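S.K.: Quick one: this structure, given as structure tokens, is what I'll be asking you about.
Readers should treat all values here as calculations from the given coordinates under stated rules, not as data from a laboratory. The shown structure was predicted, so the numbers you read here are calculated from the model rather than taken from an experiment. Here the Cβ positions follow ideal geometry from the backbone for every residue, glycine too, while neighbour counts run over all protein chains shown.
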Amino acid sequence: MSRILLAPMEGLADPLMRDVLTAFGGYDWGICEFVRVTASVLPNRTFLRTCPELLQHSRTAAGTPMRVQLLGSDPHFMAANARRLVKHRPAGIDINFGCPAPSVFRHRGGSALLGEPELLNEIVGAVRREIPADIPFTAKMRLGIADDSLAVDCAQAIEAGGVDELIVHGRTKVDGYRPPARWGQIDRVRAAVGIPIVANGEVWTVDDYHRCRAESGCADVMLGRGALADPLLPRKIRGEPTGGWAEVVPAVATYWRGVRERVLPEHAGGRVKQWLMLLRRHYPEAEALYLRLRPVKAAEDIDRLLVAEGILESLPLAA
């Protein structure tokens, strides 16, 4: 059986959501949201805030190892921050060469570097020198910026820098998250390097998973938004029994309680609605719940609605 990995998803898979998703089981490991590196060595609290799993042996509450992702363009400061991060003994370190967000791209981060294979190599090499051999070292990239003409060059530059594995999202920066993901182009990259390649992008169902593996030639697959749309997907892929919406709905309650504890009331509703918008792709019950919640603004009113729906047993503590 291939490995199934949880993708880093800025603004979607925060520490609370990572705990909720990995509690369902089925993941071999995952990567947290990125830590942005500029012209400084970040304080320890920054790493711990982004990846609180570092305080519990770099694992979620369910025991899934979480790797820490660095994003930046300066080899010196990327290496210096990796040196500090290593002291926390992360389950692994990853470098982000794929984020398509305009704010990241404008500041020469993430996918913006896919036009500069030589710089990719410098960054990876500098970080590699700071990471002990017993800490896994990976990178995540897209196929390119506007096209995939440099995909192989970028992958080979990253490989030469010394990563153990490379995760390839089968879209360019310009593609954003629009389907399709070009899994066949991941195969072209895979054939050009000697390190393991992990396929990523547009895997929403068990059928997608099998087609992704067949077209990419990759044994291992990383799940992104598909993981939020169907939290049971990793176990379905593995052929394990699942309980449908009846198994998912308690996690919605757990997530809401966590949001109420961590998020200001005026922002709390948006978080649960965001997840329900993805869940409704597979679960009609999530669609019905989303439609009932959509007009409700106040967190306290959402509390009461969820209790009335039988999703919460009692009202959460006030945030």
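S.K.: Which one of Gly239, Gly176, Ile186 is farthest out on the positive end of the charge dipole of the chain, using unit charges on Cβ (Lys, Arg +1; Asp, Glu -1) and the Cα centre as origin?
M.R.: Gly176
S.K.: Using the crude model of +1 on Lys and Arg Cβ and -1 on Asp and Glu Cβ, and no other charge, please compute the dipole size for segment 245-308 relative to its Cα centre, in debye to 20. Don't jump to the answer; show the numbers that get you there.
M.R.: Values: 11 positive and 8 negative charges, 35 e Å.
Taking the Cα centre of segment 245-308 as origin, the dipole is about 160 debye.
S.K.: Name the residue, out of Leu21, Leu166, Leu12, whose mean-square fluctuation peaks in a Gaussian network model built on the chain with Cα pairs under 10 Å.
M.R.: The residue that fluctuates most here is Leu12.
S.K.: Amide H to amide H, which residues 5 or more places from Val203 or on other chains are under 5 Å from it, using H placed in the peptide plane?
M.R.: Residues meeting the criterion, in which the H sits 1.01 Å from N, are Gly224, Gly226.
S.K.: List the residues whose amide H sits under 5 Å from the amide H of Val198, counting only those 5 or more places along or on another chain, with H placed 1.01 Å from N in the peptide plane.
M.R.: Excluding prolines and chain starts, which carry no amide H, the hits are Leu166, Ile167, Val168.
S.K.: Hey, any idea what the orientation-averaged projected area of the convex hull of segment 245-308's Cα atoms comes to, in nm²?
M.R.: So the mean shadow area of the Cα hull is 3.8 nm².
S.K.: Can you tell me the relative contact order of segment 16-130? Whole percent, Cα pairs under 8 Å, sequence separation 6 or more.
M.R.: Numbers: 189 pairs, mean separation 29.5, N = 115.
Computed over segment 16-130, the figure is 26 percent.
S.K.: Putting +1 on Lys and Arg Cβ atoms and -1 on Asp and Glu Cβ atoms, find which of Ile158, Pro65, Ile195 reaches farthest to the positive end of the dipole of segment 4-237.
M.R.: In segment 4-237, that residue is Pro65.
S.K.: Return one number: the angle in degrees, 0 to 90 and rounded to the nearest 10, between the long axis of the Cα atoms of helix 245-262 and the longest principal axis of the Cα atoms of the chain.
M.R.: Tilt of helix 245-262: around 80 degrees.
S.K.: Here is a follow-up. Mind pulling the angle between the C-alpha long axis of helix 151-161 and the longest principal axis of the chain? Nearest 10 degrees, somewhere in 0 to 90.
M.R.: For helix 151-161, the angle is close to 80 degrees.
S.K.: Name the most mobile residue of Asn121, Asn81, Asn44, meaning the one with the largest mean-square fluctuation, in a Gaussian network model of the chain with Cα contacts below 10 Å.
M.R.: Largest GNM mean-square fluctuation: Asn44.
S.K.: Continuing with this model, one more query. At a Förster distance of 45 Å, what's the computed FRET efficiency of Arg211 paired with Arg129, Cβ-Cβ distance as r, to 0.05?
M.R.: Numbers: r = 39 Å, r/R0 = 0.86.
So the FRET efficiency works out to roughly 0.70.
S.K.: Quick one: if you stick a label point 7 Å off each Cα along the C-beta vector at Ile311 and Phe105, how many nm between them?
M.R.: Reported label-point gap for Ile311 and Phe105 is 3.4 nm.
S.K.: May I ask for the angle, rounded to the nearest 10°, between helix 206-216 and the longest principal axis of the chain, with both axes built from Cα atoms and the value confined to 0 to 90°?
M.R.: Between the helix axis and the principal axis of the chain, the angle is about 10 degrees.
S.K.: Separate question: Full-extension gain between Arg294 and Ala61, please, as 0.36 nm times their residue separation minus the C-alpha to C-alpha distance.
M.R.: On the way: separation 233, 0.36 × 233 = 83.88 nm, distance 3.04 nm.
80.8 nm is the gain from fully extending Arg294 to Ala61.
S.K.: Pick from Ala112, Ala139, Ala298: which is most flexible by mean-square fluctuation in a GNM of the chain where alpha carbon atoms under 10 Å apart are linked?
M.R.: Ala298
S.K.: Treating the beta-carbon of each Lys and Arg as +1 and of each Asp and Glu as -1, no other charges, what is the dipole magnitude of segment 4-237 about its Cα centre, to the nearest 20 debye?
M.R.: Details: 27 positive and 27 negative charges, 116 e Å.
That gives a dipole near 560 debye.
S.K.: With +1 on each Lys and Arg Cβ and -1 on each Asp and Glu Cβ, and nothing else charged, work out how big the dipole of segment 183-319 is about its Cα centre, in Debye to the nearest 20.
M.R.: 260
S.K.: Counting only pairs 8 or more places apart or on different chains, how many lysine pairs in the chain have C-alpha atoms closer than 26 Å?
M.R.: 5
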